[in-house]
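Reading through the structure tokens given below for one structure.
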Amino acid sequence: MHWGPYTGPIPLILLTPIGFVIYIIAAVAETNRAPFDLPEAEQELIGGFLTEYSGLKFVMYYLAEYVNMITVSALAALLFFGGWYLWVIPPVFAFLIKVILFLFLYIWLRGTFPRLRYDMLMRLGWKGLLPLAVANVVVTAIILVAVQG
């Protein structure tokens, strides 16, 4: 696409910013990071994986969680921010910059929002995100049909 001095893929965040917000909330909830870290809350602090595993097993468990975060961040960079394209920066460094930006967003969200209760999470998912996602799909479909004729 050519848009002034910019030549490259259109970042999806410009086309569907609501989809990006839904993706970020769902990704943070899927990776069990605060404020959605329900398995680590309440009873799980005493009998959960924090006390079940020690040593190398505990390290592998934590590394798996961080690999999940990196995977979700890489997917967000590919889908919403144009992948590895960033003007004059080499593709590998551009992609790493975008992934690190999303990892910073994870850390920022963890320090900003308080932990949600289970009922609050269910209300957010079923009464907030699901209708918003369906509305986003319907509006996007209407716009695509209208534009394509």
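Just so you know, all these numbers are worked out from the coordinates, no wet-lab data involved. No experiment lies behind these values; they were computed from the predicted model shown. Virtual Cβ from ideal backbone geometry, glycine too; neighbours counted across all protein chains shown.
Assorted remarks:
- The range 2-148: relative contact order in percent, alpha carbon pairs under 8 Å with at least 6 residues between: 31 percent
- Charged neighbours of residue 73, selected by a Cβ distance under 14 Å, balance to +1 (K, R count +1; D, E count -1).
- Counting only Cβ charges, +1 for Lys and Arg and -1 for Asp and Glu, the dipole size of the range 2-148 around its Cα centre is about 320 debye.
- Divided by 2.2 N^0.38 Å, where N counts the residues, the Cα radius of gyration of the range 61-149 comes to 1.43.
- Dmax and Rg, reported as Rg then Dmax, of the range 2-148 (C-alpha, Å): 18.5, 58
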